[in-house]
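Heads up, the thing below is written out as structure tokens.
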Amino acid sequence: MPEIYDLHTHSTASDGTLTPPELIALAAQKGVGVLALTDHDTLDGLDVAQRTADAVGLILRTGVEISVSWGGRTIHIIALGIDSRCEELRGGLARLSTYRRWRAEEIGRRLAKAGIEDAFEGAKAFSNGRLIGRTHFARFLVRKGYARSEPDVFKHYLVKGKPGHLAGEWATLEEAVGWICAAGGQAVIAHPARYRFTRSKLLRLIAEFKESGGVGIEVVSGNHNRDECLYFARLARENGLLASVGSDFHGPENPWAGLGDLPALPAHCTPIWVDWEGRGSYPGIGNRSGKGFRDRP
Ligand code: AMP
Ligand code: MN
Ligand code: MN
Ligand code: MN
């Protein structure tokens, strides 16, 4: 049976709820063979994750999910197989980290104006002193009773037109892909269906992405339904992109994206791992689970 790949996951190094060792242990328990830890804009979890992976015999791929401002929006670019010592990558992520810290304080100020006190301190407490993301604000606001669920907090407080929103000023596409290439990694467009781009905008993104050195796109994603998966499988093939597979797991409490719990790549996709040493070099092999798709709530 083909191996289970899950190449998009989060830990407490960013906005996941499991520590890297807990994530690796759960992945091993779920039968995942190859896992990438792809925290938002940080490499902090990778060393400890590698030690745990070695101990349990799971293959870990280094990774990071980089925030990018493109076409007036924030999009995410996944890096796989990077050398985490690369200074160019580290320097770029350090800049994003400084911006992210300022953004968190600014979100706190804006929420204060809307009558929500101490949101920055609250989100910071949820982040355990690490990178602060909107998810940490969402957890704090749910705890304080401002909304029933994290998606509800986003809807009412953190998205465009709502009090805690501000437009991101992240890396450019060219910068992010450049850092990934400098670190010897593969750049992959994360959860493309989430952006709701028109086809022409999507093709423009892919053209610029490839021009910068990008090579892959997520076809199977915890964020994609079956139609979206088939659509992006075709788009990948037509545009010469490798296909990646990732749950976008943030923790066991999110029912829509189980760790390693993903359908197989559609036939005729070339998997992102096609050239990985000692790993399946046959197009079309994929996840063994054959699980069905679930729509996100
Ligand atoms: P940030 O990078 O701090 O802007 O946060 C982005 C993260 O917020 C994503 O990776 C998701 O984990 C989370 N997120 C974004 N939109 C939503 C939503 N509508 N509901 C729940 N979580 C969301
Ligand atoms: Mn996240
Ligand atoms: Mn993302
Ligand atoms: Mn993610």
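Neighbours of A114, meaning other residues whose beta-carbon lies under 14 angstrom from its beta-carbon, give a summed charge of +2 when Lys and Arg score +1 and Asp and Glu score -1. Tilt of helix 173-182 relative to the longest C-alpha principal axis of the chain, in degrees (0 to 90, nearest 10)? Around 50 degrees separate the two axes.
Between F126, F197, F154, the residue with the greatest mean-square fluctuation in the GNM of the chain (Cα pairs under 10 Å linked by springs) is F197. Please compute the Kirkwood hydrodynamic radius of the stretch 91-248 from all pairs of different C-alpha atoms, in Å with one decimal. In the stretch 91-248 this quantity evaluates to 17.5 Å. Converting phi to 3J(HN,Hα) with the Karplus coefficients 6.51, -1.76 and 1.60 and the offset θ = phi - 60°, the stretch 88-97 yields 5, 5, 4, x, x, 5, 4, 4, 5, 5 Hz in sequence order, with x at every glycine or proline. Our helix-only sum for the chain, with -39,500 (n - 2.57) per DSSP H run of n ≥ 4 divided by its residues, gives a mean residue ellipticity at 222 nm of -11000 deg cm²/dmol.
The angle between the Cα long axis of helix 226-238 and the main principal axis of the chain comes to about 60°, on a 0 to 90 degree scale.
Close amide H pairs (under 5 Å, H built 1.01 Å from N) link V64 with A79, residues at least 5 positions away or on another chain.
Considering all alpha-carbon pairs of the stretch 139-225, what whole percent are spaced by more than 14 angstrom? The partial results should precede the final answer.
Numbers: 2752 of 3741 pairs.
Above the 14 Å cut-off, the stretch 139-225 has 74 percent of its Cα pairs.
Just the protein heavy atoms count here, and of the accessible area of the chain at 1.4 Å, carbon and sulfur take up 48 percent. The trypsin sites (Lys or Arg not before Pro) of the stretch 153-213 that DSSP puts in a loop, and whose beta carbon has at most 16 other beta carbons within 10 Å, are K160, R196. Computed from backbone phi, the HN-Hα couplings of the stretch 4-20 come to 8, 9, 9, 10, 7, 8, 10, 10, 5, 5, 10, 10, x, 9, 9, 5, x Hz, rounded to whole numbers (Karplus: 6.51 cos²θ - 1.76 cosθ + 1.60, θ = phi - 60°; Gly and Pro given as x). As an equivalent ellipsoid, the stretch 17-110 spans semi-axes of 28, 15, 13 angstrom, where each value is the square root of five times an eigenvalue of the C-alpha gyration tensor, largest first. Spatially, the stretch 35-55 and the stretch 2-29 are offset by 8 Å when compared through their Cα centroids.
Relative to the longest principal axis of the Cα atoms of the chain, the long axis of helix 134-143 makes an angle of roughly 60 degrees. Under a 5 Å amide H cut-off, with hydrogens placed 1.01 Å from N, S247 pairs with L7, H8, G222, G260 among residues at least 5 apart or on other chains.
Note on the stretch 100-158: Cα convex hull, mean projected area over all directions, 3.4 nm². Which of the lysines could a cross-linker bridge to K113, judged by Cα under 24 Å and excluding same-chain residues fewer than eight apart? Excluding near neighbours in sequence, the set is K124, K144, K155, K160, K162. Using only the C-alpha atoms, the convex hull of the stretch 1-160 corresponds to 134 Å³ per residue. Surface exposure of the chain, expressed per residue as accessible area with a 1.4 Å probe, stands at 44 Å². In the stretch 188-245, the alpha-carbon atoms span a convex hull of 67 Å³ per residue. For the chain, the equivalent ellipsoid built from the Cα gyration tensor has semi-axes of 29, 21, 19 Å, listed from largest to smallest.
The values are calculated or read from the model by the stated rules, or taken from the named source; none is laboratory data. Everything numeric here is computed off the predicted structure, so don't read it as measured data. Here Cβ is always computed from backbone atoms with ideal geometry, including for glycine, and neighbour counts include all displayed protein chains. Ligands, DNA and RNA are excluded from the accessible area calculation, which covers all protein heavy atoms including side chains. Shrake-Rupley method; radii C 1.70, N 1.55, O 1.52, S 1.80 Å.
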